[in-house]
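In what follows, a single structure is set out as structure tokens and then discussed.
The values are calculated or read from the model by the stated rules, or taken from the named source; none is laboratory data. This is a predicted model, so every value here is computed, not measured. Cβ placement follows ideal geometry from the backbone for every residue including glycine, while neighbour counts extend to all protein chains displayed. For accessibility, only protein heavy atoms count, side chains too; no ligands or nucleic acids. Shrake-Rupley method; radii C 1.70, N 1.55, O 1.52, S 1.80 Å.
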Amino acid sequence: MKFTVIVILAALMMSWTFYSYIQEESPEMQTEEGLDQGDLAPDFELTTLEGETVQLSDFRGSPVMLNFWATWCPPCRAEMPDMQQVYDDGDLEVLAVNLTSSESSADDVSTFVTDFGLTFPILMDEEAEISDLYEIQPVPTSYFIDENGRIQQASYGPVNEEQMRQQAEMLGD
Amino acid sequence: MNEAWMIGPLLVQQAWLYVIAAFAAGFLYLHWVSPVDDKTVREEVFSLFLYALLVLFFGSILTQWNVTMADPLAAAVYPPGTGEIMLAVGVFVVLVFNFQGNTALLLQGTSYVLFVSTAVYAFLAPPAGIQTAGFTHPAGLYIMAVSLFFLVLLHTYKQGAAFLVLWGLSMAAAHQATVVTTFFLTPAADYVYVVISAGALAGYWQQRRKAT
């Protein structure tokens, strides 16, 4: 009896998995902005630490890792060197949006960037408008955006170099 | 797409719930369905997985030694990858070698849990399959098929260690059809299942050594 139940369960699981693969379609291509898979990533414009203006849509044509971070967050410190490595290797464009309103001072960000030797754009979200737009709760949160500007994956918590490279590979497919 | 919820200060990710559900299924199977009825062995199997999990999560303290020296908290929360999986396999092998009881039964119990958990996880979170000539490989189905096939063999022949070795190699082959290789939700290099297989081979060798 026990084995009959197990066999039926296994058969159902395999049938459902097979069905889900043959029914699988690419995520619907939305024309509107949103935070779900396949949605256009909400566009925004922010000023970098160096004072340049950067718009997300300027990066269309390249896979982008949009990372929300703060200097006081240990997991953010854990993933930063890996982000720099992936950026240096040209696998992903990296845009790191700093939650500046949560920092005690903007100088902390400059010190952090110097200490970690970061060269990718650090965007200063001084009024928390962009973190609100992306409904950021845990920090860090990263959105992986394909070359058409569509969100393909969201990652909550720190991401290591292997995960970043795997995401870059998936965005390229 | 992965979902997450904040419950107070706690971050709960959907993928973690899938892993918990998969291992719960594995241990329930070991307890209620498998022929491993030795309570000591079942508890030891649980300990093996618990230690391996702890090493997987906190192994970065060793694998990211430079970060640990500079910023211990950052190292402790660094997400696991191939290095941490290899460390967990190493700890698994050491624990199997130090086990005083029936090693064959221990490896049999481990195999039941791993085969069932892997199949359930592939069902709950099917991995993306690669595309060849317009055909998307049902990679999750391959993984389930491999795990369930070895589960049937395990019930029939009770050769836990040997099937664990072959399962590892078969999983390495099945992951050729996935876009990226993962061990549950941990991203890993393509060769990680060969490393797991090598760990199982060491267990098999220990089992044979104790038998003679």
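Label-point separation (nm) for B:Val194 and A:Gln37, each offset 7 Å from Cα along Cα-to-Cβ?
3.0
Tell me the GluC sites (Glu not before Pro) within the stretch A:8-113 that lie in a loop according to DSSP and have at most 16 other beta-carbon atoms within 10 Å.
Taking the stretch A:8-113 and a limit of 16 other Cβ atoms within 10 Å, the loop GluC sites (Glu not before Pro) found are A:Glu24, A:Glu25, A:Glu28, A:Glu32, A:Glu50, A:Glu52.
Apply the membrane-span-like helix rule to chain A: whole DSSP H runs, Cα extent along the own long axis of at least 27 Å, mean Kyte-Doolittle hydropathy at least 0.0. List the helices found.
A:2-23
Can you give the average number of partner chain beta-carbon atoms within 10 Å of each beta-carbon in peptide A:9-16, as a whole number?
5
Would you mind working out the accessible area per residue for chain A, using a 1.4 Å probe, and quoting it in Å²?
50
Count charges around B:Phe97 for me, please; just the other residues with Cβ under 10 Å from its Cβ, Lys/Arg as +1, Asp/Glu as -1.
Once all neighbours under 10 Å are counted, the net charge is +2.
Can you pull the mean other chain C-beta count within 10 Å for peptide A:78-90?
2
Please work out the average accessible area per residue across the stretch B:4-211, using the 1.4 Å probe convention, and give it in Å².
That works out to 46 Å² for each residue.
Which residues' amide hydrogens lie under 5 Å from the amide hydrogen of B:Ala4, considering only partners 5 or more residues apart or on another chain, with H built in the peptide plane?
For B:Ala4, whose amide H was placed from the backbone, the distant partners under 5 Å are B:Gln14.
Quick one: compute the contact order of the stretch A:31-125, relative version, from alpha carbon pairs under 8 angstrom and 6+ residues apart, as a percent.
Relative contact order of the stretch A:31-125: 30 percent.
Mean residue ellipticity at 222 nm from the helices of chain B, using -39,500 (n - 2.57) per DSSP H segment of n ≥ 4 over the full residue count, to the nearest 500 deg cm²/dmol?
Here the helix-only value at 222 nm equals -22500 deg cm²/dmol.
Taking both sides together, what accessible area is buried at the B/A interface, probe 1.4 Å, expressed in Å² and rounded to the nearest 100?
Summed over both sides, the interface buries about 3100 Å².
How much of the accessible area of the stretch B:4-211, probe 1.4 Å, is carbon plus sulfur, in whole percent?
Exposed carbon and sulfur together represent 70 percent of the surface.
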